[in-house]
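The values are calculated or read from the model by the stated rules, or taken from the named source; none is laboratory data. Treat the numbers as computed from the prediction; the structure is a model and nothing was measured. Note that each Cβ is placed from the backbone with ideal geometry, even for glycine, and that neighbours are counted across all protein chains shown. All accessible areas refer to the heavy atoms of the entire protein, side chains included, with ligands and DNA or RNA removed. Shrake-Rupley method; radii C 1.70, N 1.55, O 1.52, S 1.80 Å.
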Number of protein chains: 2
Amino acid sequence: MASAVNPVIDRATVERIVRQVALEYLGRDSKGKSPELVVQASSRHMHVCREDMDVLFGPGSELTFDRPLFQEGNFAAKESVTIVGPRNRLISNLRILGPMRKQSQVELAFTDAIMLGFADIPVRLSGDIAGTPGAIIIGPKGVVELKEGLIRAAIHVHMNPAEAEYFSVKKGDVMKLRVGGPSGVTFNNVHVRIDPTSRLNVHMDTDEANACGLHLSKDVELFK
Amino acid sequence: MASAVNPVIDRATVERIVRQVALEYLGRDSKGKSPELVVQASSRHMHVCREDMDVLFGPGSELTFDRPLFQEGNFAAKESVTIVGPRNRLISNLRILGPMRKQSQVELAFTDAIMLGFADIPVRLSGDIAGTPGAIIIGPKGVVELKEGLIRAAIHVHMNPAEAEYFSVKKGDVMKLRVGGPSGVTFNNVHVRIDPTSRLNVHMDTDEANACGLHLSKDVELFK
């Protein structure tokens, strides 16, 4: 390697060569063998707990299946709510995703949070809502004042243990996702979530999808 | 180098080592010597030509200075317009940036374009508007139907020739911008624009700024 490095070669070339060599040393090929990668944008949405469901949609009410999501068992419900932020700004038609969870949680893009009047919402993994801001949620049958639960979901990848093995990653690791195209972007902190029922799938929010022009590019690459 | 690469070292480590070595070979240091880098988010805005100014704000009207922008001579004007997209959706208070230009042009984030009802707007450098979509623009004194001029501005960096020399780049090159923090992102296609009057300054749009949480991070690095 060292003999190939001289002041005439630019840094990008050096890095490309090294990447190839490293991949050979690591016994991997960047093409052909990867599990199929599905990258999706998640629009703002809410997860609801049993207690809040009772208030928002009536005692004992259940979520109504609208369409399946890519991860087994998850679905978009027909139900939606209105969220009211500071300074009484609101977003209506905030969709609920099922199934119900132990804690209610609202996932917003920064754009949504700014629109609602929040100066800041924290970037968190789903479920990690301690100390996050709350909001007023209005359903057809009642109103809930969430004490906490507003987050920007950190970009993350779902995978099963075999896929984790393939990528040599474990729970809690971060990976990188490169999206090509005219607005090419590499996301440097893609959190790894591993579950036996998962299908390989990156979830980003609408800000991230719009930043990289995800709708314009099929050229995506997940790596450590 | 090659002796340092073995199957136990992960790819990120290999890349980090190589980056250090490459920087030494290239005679650069990633800390301490770089020109100061200002990274800014540009909200949606319009540039207006003389003819459209006459229609929108009255014959012979001039833009009123509101506040200076970072690039010498550029300013946010007090004037704003309303843009009407397909399906009669609109965005009001679209700010005009001065000075006037030869061609009118509207720069939107993808989020804005989607809100207006555009399925797609092209990613272009400022000024390169041939074949782009148009829209109806409403000012206090009249209405202009732009035949073209709606773009998503490609992320770009302004610099002067000395800074271009420092980075070893020329007009038309693309560089990378890494933004750290919890939503860390590397923008892989940052277009280089060189002008003697320019100050080193990356312009991204609000989608890109919200994706990387630009307001949360002072850790930015521009490189080839």
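Note that region A:193-204 has calculated 3J(HN,Hα) couplings of 10, 10, 8, x, 8, 6, 10, 4, 6, 8, 10, 10 Hz, one per residue in order, obtained from phi through the Karplus relation 6.51 cos²θ - 1.76 cosθ + 1.60 (θ = phi - 60°); glycine and proline are x. Across the identical copies, the 7 Å label point of B:N160, projected outward along Cα→Cβ, sits 6.0 nm from its counterparts, in ascending order. Per residue of B:197-207, other chain Cβ atoms within 10 Å of the residue Cβ number 2 on average. At full extension, B:D219 and B:K141 could sit 23.6 nm farther apart than now, given 0.36 nm per residue minus the alpha carbon distance.
Note on B:R50 and B:R67: the model spin-label points, each 7 Å out from Cα along the C-beta direction, lie 3.1 nm apart.
For region A:158-224, the alpha carbon positions stretch 34, 20, 18 Å along the principal axes, listed from largest to smallest. A simple spin-label model places pseudo-atoms 7 Å from Cα toward Cβ; at B:E165 and A:A119 they are separated by 4.4 nm. A 1.4 Å probe run over the protein chains yields, for region B:108-224, 40 Å² of accessible area per residue, whole-number rounding.
Here the spin labels are modelled as points 7 Å beyond Cα on the Cα-Cβ line, and at B:E148 and B:N74 they lie 2.2 nm apart.
Our coupling estimate for region A:63-70, obtained by passing each phi through the Karplus curve with A = 6.51, B = -1.76, C = 1.60 and θ = phi - 60°, is 6, 9, 4, 10, 8, x, 9, 5 Hz, Gly and Pro reported as x. Full extension of the chain between B:R87 and B:R101 yields a length gain of 2.2 nm, computed as 0.36 nm times the residue separation minus the alpha carbon distance. Peptide B:175-187 shows a mean partner chain C-beta count of 5 within 10 Å per residue C-beta.
Do any trypsin sites (Lys or Arg not before Pro) in region A:38-128 lie in a loop, going by DSSP, with at most 11 other beta-carbon atoms within 10 Å of their beta carbon, and if so which?
Details: sites: A:R44, A:R50, A:K78, A:R87, A:R89, A:R95, A:R101, A:K102, A:R124; in loops: A:R44, A:R89, A:K102.
In loop regions of region A:38-128 (DSSP not H, G, I, E or B), the sparsely surrounded trypsin sites (Lys or Arg not before Pro) are A:K102.
Rounded, prolate or oblate: which one fits region B:37-148, using the alpha carbon gyration tensor with axes a ≥ b ≥ c (rounded when a/c is under 1.5, else prolate when a/b beats b/c, else oblate)? Taking the square roots of the gyration eigenvalues as a ≥ b ≥ c, region B:37-148 is oblate. In terms of its alpha-carbon gyration tensor, region A:91-182 comes out prolate; a/c meets the 1.5 threshold, and the first ratio a/b outweighs b/c. Taking all protein chains as they are arranged and a probe of 1.4 Å, the heavy atoms of A:H215 leave approximately 100 Å² accessible to solvent.
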